[in-house]
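The values are calculated or read from the model by the stated rules, or taken from the named source; none is laboratory data. Note that the coordinates shown come from a computational prediction; the quantities given were computed from them, not determined experimentally. Cβ placement follows ideal geometry from the backbone for every residue including glycine, while neighbour counts extend to all protein chains displayed.
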Amino acid sequence: MDRIEQFFQTFTTLPAESFAESFLVADAAGARPVSRADFLRALPRRAAMFAALGVGPAELVSLTTERLDDHYALARTAWSAPRLAGGDPVPMSSSYLLHDDGTRLEIVLYLNHESPLPLRG
């Protein structure tokens, strides 16, 4: 298992340790800088929104990476979230730009490819 795979193993259980102090969040609406503290405060609201839509916690099902240079890597992920009432799971995808200082990886850009709004269907 390489460092990026290990990073995402930790990320799925300890997301607070994975983000830079300040990073970009991007989606269909655009990109905006976010502090790690603000992002982590928003995670319970996100989980509650998904639960209200009948969707459980997502599980990482696919990870592909590309080294961009000595200090950056692009990670593309696919996730699967169960429907709480049964049925086909909800597929999701996101990409992450990781900064590598040689000893530590951290997320400096989180790109959400999915909008949670269509999950009702």
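Only one residue in R32, R46, R41 is touching a strand residue (DSSP E or B) at 6+ places or on another chain (Cβ under 7 Å) and of a type outside the set (S, T, Y), so which one is that?
Values: R46 fails: touching a strand residue (DSSP E or B) at 6+ places or on another chain (Cβ under 7 Å); R41 fails: touching a strand residue (DSSP E or B) at 6+ places or on another chain (Cβ under 7 Å).
Answer to the check: R32.
Counting just the residues of the stretch 47-73 that are in a helix (DSSP H, G or I) and free of Cβ contacts under 8 Å to residues at least 12 places away in the same chain, which one comes out nearest to G102 (Cα to Cα)? Before the answer, list the steps.
First, the residues of the stretch 47-73 that are in a helix (DSSP H, G or I): 47-52.
Okay, now just the ones that are also free of Cβ contacts under 8 Å to residues at least 12 places away in the same chain, so 47-48, 52.
On the way: A47: 33, A48: 36, A52: 41 Å.
Only one residue tops the list, namely A47.
Picking from R76, R32, which residue would you name as being over 15 Å from the mean Cα position of the chain (by Cα) and either surrounded by 15 or more Cβ atoms within 10 Å (Cβ to Cβ) or outside any loop (DSSP other than H, G, I, E, B) (or both)? Spell out the reasoning first.
Values: R76 fails: over 15 Å from the mean Cα position of the chain (by Cα).
Within the list R76, R32, the selection yields R32.
Tell me whether the stretch 98-110 contains one or more residues that are part of a loop (DSSP other than H, G, I, E, B), touching a residue at least 24 places away in the same chain (Cβ under 8 Å), in contact with a Lys or Arg (Cβ under 7 Å, 6 or more places away or on another chain) and not small (G, A, S).
Taking the stretch 98-110 as the starting set, the residues that turn out to be part of a loop (DSSP other than H, G, I, E, B) are 101-104.
After this cut, where a residue has to be touching a residue at least 24 places away in the same chain (Cβ under 8 Å) as well, the list is 101.
Retained after the next criterion (residues that are in contact with a Lys or Arg (Cβ under 7 Å, 6 or more places away or on another chain)): none.
No: the stretch 98-110 contains no residue that is part of a loop (DSSP other than H, G, I, E, B), touching a residue at least 24 places away in the same chain (Cβ under 8 Å), in contact with a Lys or Arg (Cβ under 7 Å, 6 or more places away or on another chain) and not small (G, A, S).
Testing T10 on (1) free of Cβ contacts under 8 Å to residues at least 24 places away in the same chain; (2) over 20 Å from D101 (Cβ atoms), one condition comes back false. Which one is that?
(2)
Inspect all residues belonging to the stretch 53-70 and state whether any of them is small (G, A, S) and at pLDDT 95 or above.
Narrowing the stretch 53-70 to residues small (G, A, S): 54, 56, 58, 62.
Then keep just the ones that are at pLDDT 95 or above; that gives 62.
Within the stretch 53-70 (the criterion being small (G, A, S) and at pLDDT 95 or above), the answer is yes, since at least one residue qualifies.
When the residues of the stretch 7-29 are narrowed to those that are surrounded by fewer than 12 Cβ atoms within 10 Å (Cβ to Cβ) and in contact with a strand residue (DSSP E or B) (Cβ under 9 Å, 6 or more places away or on another chain), which ends up nearest to S62 (Cα to Cα)? Write out each step before concluding.
To start, the set of residues in the stretch 7-29 that are surrounded by fewer than 12 Cβ atoms within 10 Å (Cβ to Cβ) comprises 13-14, 16, 21, 28-29.
Retained after the next criterion (residues that are in contact with a strand residue (DSSP E or B) (Cβ under 9 Å, 6 or more places away or on another chain)): 21, 28.
Numbers: E21: 26, A28: 22 Å.
Per the criteria, the residue is A28.
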